[in-house]
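Below is one structure; the comments refer to it alone.
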Amino acid sequence: MAMATLRFIGRKIVLGKQGPGLAAASTLRRALATTVGSVDKQKRLLTVRWSDKSRRDSLLPLAWLRDNCQCSACFHPDTLSRLQLMENFDPKIGADSVQFDDASKTCSVTWSDGHVSTYKYDWLMRRSFDSESQQQRSLWYSGKHELWGSDYAIRRHPFDQLMKSDSSLLQFLNDMEAFGLTVVEGAPIAGTEGLRAVTDLCNRVAFPMETNYGTTFTVKSKLNPSNLAYTPARLGLHVDLPFYKDPPGIQLLHCLAQSNNITGGENFFSDGFHAANLLKVANSDAYKMLTTRLVDFYDYETDHLADFHMLCRQRVISLTSDGEYEMICYNNQVRDTYLNMPADQVQLFYDALKAFDTLLHGEQCSVSTKLKEGDIVTFDNRRVLHGRNSYTVHGTAERHLEGAYLRWDEVYSRIRRLEESVRSRQP
């Protein structure tokens, strides 16, 4: 059976016929300074060898190229949305010719139905299917985490600079992404300006996440508290709101009042991903238990919005499909009395949970600080666990924090746009 090959007409690759015994994918030889390509009709791949030899060859599936035609009939230039409907898409469409133009740095494909698609070189390079390019792109979705232990020096950022400077805000968010724990210093504490400071910071990044406790929440001792945080009791290391299917991404706690007449009340933090790493090495059975068994969390009370009864099952240590850490979901205060596991697994579960808790609170993983008035401690609620020592108030002293949450989705969006903005202003 005759098979398709490619021949050049000028700078164009044209599909033709070749006899039996010749390779289905013909290698096209051009001058070293010229971009060249070859089409394998059986595998339906276009291989591009770029004139820039620092670039690795790109493998581009024909179906993907046709699906992502950038012409105005296929792709809306204002909404940046695909106009081509899947119901009208032919994933087996053939390519009659491929043309490269190094002067304009564009590649044009003429399809078997007569449609012509044109792509910029850099657009194709950024979307290459090689593993290195795809690994690099994965950082767009979540950056690299820098794990830490008790020697971590908490990153600090001035409130005023974050509110005025995009580059300062970007550095703050990059630190949050990498370390998951920072302190913003010098926020207002007096009057309405103080009460809204945590909201102002959220709005500078994106917008607060509303929960069953409201858009913001007040942390101080209350009569008839709806949450253990609203008492002076010690709080063990935990994440907030594990009874949400998608718990908050970032928590912000603004210290408005922390009198010298208060004994205790220090905050402590632990990198849950670091502790999970240690557990994996020290006790693989416990690690397997906490990465596979679902645990029930609940919240049943009345607060800001209405009566609520929140329920969710989560793994204490959640992994991505690639085996990377995705989320820590551990809060002993709101862990339900129901255990969704066979009775003979319960002791093993408690042993595993105890081993993890011991690592979290141990010297290898935790750091502590006592917030000063004007501090906004900001931490990754899906990675960094937080706790608080019990405290005693002497006389009329008060301990008052205002809290809020952000979603990582909006934070990552803000990071990407800030990177574009800051980079465009650099000389």
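The values are calculated or read from the model by the stated rules, or taken from the named source; none is laboratory data. Bear in mind that the values here come from a model prediction, so they are computed numbers and not experimental data. No Cβ is skipped: glycine too gets one built from the backbone with ideal geometry, and neighbour counts run over all protein chains shown.
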*Could you say which residue among Arg196, Arg204 is within 22 Å of Arg414 (Cβ to Cβ), of a type in the set (Lys, Arg) and free of Cβ contacts under 8 Å to residues at least 40 places away in the same chain?*
Arg196
*Checking Asp200 against (1) crowded, with 20+ Cβ neighbours inside 10 Å; (2) touching a helix residue (DSSP H, G or I) at 6+ places or on another chain (Cβ under 9 Å), which test does it fail?*
(1)
*Those residues of the range 244-264 which are surrounded by fewer than 19 Cβ atoms within 10 Å (Cβ to Cβ) and among the hydrophobic types (A, V, I, L, M, F, W, C), in sequence order*: Ala257, Ile262
*Where a residue in the range 380-408 is closer than 14 Å to Asn267 by Cα and in the same structural domain as Asn277 (by TED's automatic domain parsing) and its partner, wherever it lies, is among the basic types (Lys, Arg) and crowded, with 17+ Cβ neighbours inside 10 Å, with Cβ under 8 Å and at least six apart*: Tyr391/Arg399; Arg399/Lys220; His400/Lys220; Leu401/Lys220
_Residue ID - farthest from Lys245 (Cα to Cα), chosen from residues in the range 262-302 that are in contact with a strand residue (DSSP E or B) (Cβ under 6 Å, 6 or more places away or on another chain) and among the aromatic types (Phe, Trp, Tyr)_ = Phe268
*With a cut-off of at least 1 residues that are touching a helix residue (DSSP H, G or I) at 6+ places or on another chain (Cβ under 6 Å) and surrounded by 12 or more Cβ atoms within 10 Å (Cβ to Cβ), name the helices (runs of 4 or more DSSP H) lying wholly within the range 65-174.*
159-164
*asked:* Condition check: touching a residue at least 40 places away in the same chain (Cβ under 8 Å), in contact with a Ser or Thr (Cβ under 7 Å, 6 or more places away or on another chain) and in the same structural domain as Arg382 (by TED's automatic domain parsing). Does Asn283 satisfy that?
replied: no
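From the residues in the range 140-199 that are of a type in the set (Phe, Trp, Tyr) and farther than 27 Å from Leu359 by Cα, which one is farthest from the chain's Cα centre (by Cα)? I'd like the intermediate steps shown before the answer.
Residues of the range 140-199 that are of a type in the set (Phe, Trp, Tyr), as a first pass: 140-141, 148, 152, 159, 172, 179.
Filter once more, so that each one left must be farther than 27 Å from Leu359 by Cα: 140-141, 159, 172.
Values: Trp140: 8, Tyr141: 5, Phe159: 24, Phe172: 15 Å.
Per the criteria, the residue is Phe159.
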*For the subset of the range 45-56 comprising residues that are assigned to a loop (DSSP other than H, G, I, E, B) and free of Cβ contacts under 8 Å to residues at least 40 places away in the same chain, which member is surrounded by the most Cβ atoms within 10 Å (Cβ to Cβ)?*
Asp52
